[in-house]
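The block underneath contains the structure these notes are about, expressed in C-alpha cells.
The numbers here are math on the coordinates, done by the rules we state, and not lab data. Remember, it's a predicted structure, so these values are computed and weren't measured experimentally. Cβ: placed from backbone, ideal geometry, glycine included. Neighbour counts: every protein chain shown.
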Amino acid sequence: MKTLTSQEVKQALGEILDQLPPSQRHQVLDFARFLHQQALASPPGSGDTDELALSSEQAVQLRLVSADSLVGLTGLVSLGGDAITDTEALYHGDGCP
C-alpha cells in the first residue's frame with residue numbers, strides 16, 4: 001500500500017465525505033474525534049509514524065461467515081436481563097451447556 005502525504009489523505013477523505021449521506025459523515029467525524037482523543041492520551045513519540053503497526057493485543061482476526069449462519073445467533077443474547085439468571089439458564093445450573 002502506497003504511503004500518502006497528509007495533503008493526499010485530506011483530499012481523499014474530502015472526496016469520500018462528499019459522497020456519504022449526512023448520518024455517515026457524522027460517524028466519520030465521531031471516529032476522527034475518537035482517534036484524536038487516543039492520540040492525545042498516548043505517550044509522546046508513539047504516534048509520530050503514519051505506518052499502521054498493531055501490537056499483538058490490538059490485532060483483530062476476521063473470519064467470513066455466510067449470513068445464513070448468523071441467523072441462528074438471533075435472540076441468543078438479550079439486553080437488560082439478570083446476568084445470574086441468564087447464566088444459570090444457559091448452563092442449566094451445572095456449568096454445562
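Each of ARG25, ARG63 was scored by other Cβ atoms within 10 Å of its Cβ. Listed from fewest to most, they are ARG63, ARG25. Once the Cα-Cα distance is subtracted from the 0.36 nm per residue extended length, the GLN24 to LEU90 segment shows a gain of 20.0 nm.
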